[in-house]
Every structure is written in C-alpha cells, then in structure tokens.
1. Given Cβ point charges of +1 (Lys, Arg) and -1 (Asp, Glu) and nothing else, what value in debye, to the nearest 20, does the dipole of the chain about its Cα centre take?
2. Once Lys and Arg get +1 and Asp and Glu get -1 on their Cβ, which of 147, 179, 206 lies farthest toward the positive end of the dipole of the stretch 114-216?
3. How big is the stretch 131-234 along each principal axis, measuring the range of its Cα positions in Å and listing the largest first?
4. Normalised by the number of residues in the chain, what is the relative contact order in percent for Cα pairs under 8 Å and 6+ residues apart?
5. Could you give me the radius of gyration and the Dmax of the stretch 197-242, taking only the C-alpha atoms into account and expressing both in angstrom?
6. On the accessible surface of the stretch 214-292, probed at 1.4 Å, how many percent belong to carbon and sulfur atoms?
7. What does the helix-only formula give at 222 nm for the chain: each DSSP H stretch with n ≥ 4 adding -39500 (n - 2.57), the total divided by the residues, and the result rounded to the nearest 500 deg cm²/dmol?
8. Can you give me the accessible area per residue for the stretch 59-181, using a 1.4 Å probe, in Å²?
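The values are calculated or read from the model by the stated rules, or taken from the named source; none is laboratory data. None of these values were measured; they are calculated from a predicted model. Reconstructed Cβ throughout: ideal geometry from the backbone, glycine too, with neighbour counts over all protein chains shown. For the accessible areas, the whole protein counts, side chains as well, though only heavy atoms, and no ligand, DNA or RNA atoms are used. Shrake-Rupley method; radii C 1.70, N 1.55, O 1.52, S 1.80 Å.
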Amino acid sequence: MHIQHNAELKAYNTFGLSARAGGLLKILHTGDVHEVVSSGLHPLRILGGGSNILLKGDVEGYVLKNEIKGISIIDENDNNVLVEVGAGEVWHQFVLWAISKNLGGLENLALIPGTVGAAPIQNIGAYGVEQESVFHSLKAIDLTDGNEMIFDKDQCRFGYRDSIFKHELKNRCFIVSVSYLLYKKNYTVNTSYGAISEVLKSKDVHNPGIDHVADAVIEIRRSKLPDPELIGNAGSFFKNPVISVAQYKLLKELHPDIPCYSAGEGLVKVPAGWLIERAGYKGIQKGNVGVHKNQALVLVNYGQGTGQEVWQLALEVMSEVQNRFGIHIEPEVNVW
Ligand code: FAD
Ligand code: NAP
C-alpha cells in the first residue's frame, strides 16, 4: 500500500483548485480497500474523477483515488444485458462501450465527466434521463468495518441528483462496482428533451437510434458546456430548486417569464440558472473566480482561484437568489 504523503490535489479536481491531502492512495482492486480498512487509517475520503467536488481547503486524512477497472457482461436474455463495471472506469468510456455494442439506456448520459462509481452518488442525469433508469445494483465496502454490501435500486433511495450516499451513508461506503441492465431490443430512445429533438430534426433523422441520440447529446454538450480542460469548473454548481405550484404562481405574477418544468404532483422545478442570471450574476467575475458567461449554473476558476473564493461566491449567489425570489438554492457539488 503506497501512501503519497502531503499530496497536492490540483490535478485531481476539475475546478483545478490547489489543496493538500494528508495522504493519497491509489485503489486498483477491492483488496486495496480492505487493506486500508484493516490498517486503521482515518479519516478517509473517496475520490473519482474530481468533477463534482469543491476543495474549500486542505483535506484532513487520506484520499482514496478509485482506479478499479473492468467491464463484464454477467447475464443476458433476449431483451437485456446485465453489465458489471469497475467503479474506477471513466463514465463516458463505459457509455461509448455500450453504444459500440448497440446497447440502449445510457446514450443521453454521454460525455458526463467522472467515474462509474460516482454515478449513483448523485444519480447523474442529463437530457431527460437519470442513471437510475438502467441501474441494477452496486457493490460497496463499508469503510468502518470492511463488510461487503450489495445495494439494489430501492436501497440506494435515488432522487433528483440524490441518493442515500449523500445522506446516512455519506463517506462511509466505497463503491467498487456498479451493474446496469441495458437494452438489446424492445427499447425506445428518449428524445423528449427539446435540444435533442431539435438537433435530430436539423439532421433529418426521423427514426433515431441510440448512436444518433448519443451524437446529438455530445454535439450539444460540446457547444454549450465549458470544458474543464480549458476553464476550471465542476459542472452545475447548484441543483435546480423544486417549489410548490402555489409559490410558483405567486412568483409568476412578479416575473411573468419565469420558466418551470413539472416535478410531480403540485411541484415544479425552476431552472437555477435562470434565477442566477436574473439576480445579475451571469458572467460576473470576482477576483480569480466567477459565474460562466453562457451557463449561470456553472461557477468557474479562471486559473489562480482558491476554494475559499469559489465558496464565498457560491454563498453570495445563494443569498442573492434567496433575497430576490425567496427560493433557497443548494449546492449540487460536494464541498470538502
Ligand atoms: P468525484 O467528484 O470524484 O466525487 C463526487 C462525490 O462522490 C464525492 O463525494 C466522492 O467522495 C463520491 N465518490 C466518488 N467515487 C466514489 C466511490 N467509488 N464510492 C463512494 N463514493 C464515491 N452531473 C450530472 O449529473 N449530469 C451532468 O450532465 C453533468 N455534467 C457535468 C459537466 C461538467 C463539465 C462537469 C465538470 C461536471 C458535470 N457533472 C454532471 C457532475 C459530475 O460529472 C458527476 O457528478 C460525476 O458523477 C462525478 O464523478 P467523479 O468520479 O468525478 O466524482
Ligand atoms: P438547458 O437545456 O439549458 O436547460 C436548463 C434547465 O432546464 C436544465 O437544468 C433542465 O433541468 C431544465 N430543462 C430543460 N428542458 C427540460 C425538459 N424538457 N424537461 C425537464 N427539464 C428541462 O440545460 P443545460 O445546462 O444545457 O444542461 C443540459 C442537460 O445536461 C441538463 O439535463 C442538465 O441537468 C445536464 N447537465 C448537468 C450538469 C451537472 O453538473 N449536473 C452540468 C451540465 C449539464 P435538469 O437539469 O433537471 O435536466
């Protein structure tokens, strides 16, 4: 077990923020996790691709960098394929693998950064689909006692950008593999999200297959979202708030163009990006950090920013949205 002491984490988070960890350990196999638990090292943090974390400062204790690989088909019938994926596989590589085999279910989630093991943590979602729609189960190791556990879909308690791993089991379970039930046949692609249907229409695709949808998603994402290689960010910093229809109606009297999407009985989802833009924050720069000029939901590091600067800006944005609209927006990003 090799420990890199006093390790710099800048290269390990897509915000590109500098912070040090007491120790950094690469986890290549489940046996490495058991070794860490037996050694009594603590406190422990689990790191995938670092695309959904904000390093507010140095990290106390040990960071376990997940690099457990492998994709294997473990069961198959006429309609479906059950695939078990090492949690350290890169999510987008897994999506490409599925597309290359013409397996449906993941195409709307193409190009989301990060690892497979982190996908269930916030039940990643994009363009009208969440990973839970094809999730089967996951294997995890309890970092308090080394016990191996299997979670089915119900036990994960998936919600909108949410799961049990953001609550009771936060920082407790190291996810080592995730299984997905993908479609071979009898599958209809989901093109309900406006931007996807527009791209398909513009290309005269009338009967889209999973590859057409994936290509459309990749095209839209490349054109709209800031590339962390060029400008540090962690995607959407905030979740879209869900409010009651009654509160929405009151807001609409004051702001007639406020958008919303249905979010279940009596509830609507309001795009946080719209609220932040209307609060006057889109494109602003504060010192070395700011709000992206095209995507108000994305906070950015212009290069020399610190985690504290990003966090102060986030607090300011949250407070301004609260003051103007009476809506509490909360971070989607995991703050360390
Ligand atoms: P990390 O940032 O490394 O970790 C995130 C959290 O998960 C941490 O709390 C960590 O401790 C925990 N964790 C990670 N791995 C494990 C594990 N094996 N076991 C237990 N806990 C673990 N998200 C979406 O939902 N939809 C999008 O469309 C989307 N687009 C994005 C676009 C950009 C440009 C960026 C930068 C981010 C985007 N994200 C999106 C956010 C992010 O990509 C996802 O949340 C992704 O799943 C994070 O993966 P990661 O491996 O980088 O996780
Ligand atoms: P967008 O298409 O400009 O839409 C803005 C917001 O409106 C989104 O947040 C989306 O909510 C909501 N929305 C739009 N059309 C919708 C529909 N038909 N049904 C329900 N909700 C709808 O968003 P964008 O920023 O370019 O992102 C595109 C997609 O990628 C979104 O699904 C977004 O969640 C995802 N994404 C996520 C992250 C992240 O870090 N979490 C980063 C980039 C992109 P939803 O967010 O609930 O879909």
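1. 780 debye
2. Of 147, 179, 206, it is 206.
3. So the extents along the principal axes, rounded to whole Å, are 56, 41, 20.
4. That works out to 17 percent.
5. 14.0, 38
6. 51 percent
7. The helix contribution divided over the chain gives -7500 deg cm²/dmol.
8. Averaged over the residues of the stretch 59-181, the accessible area is 39 Å².
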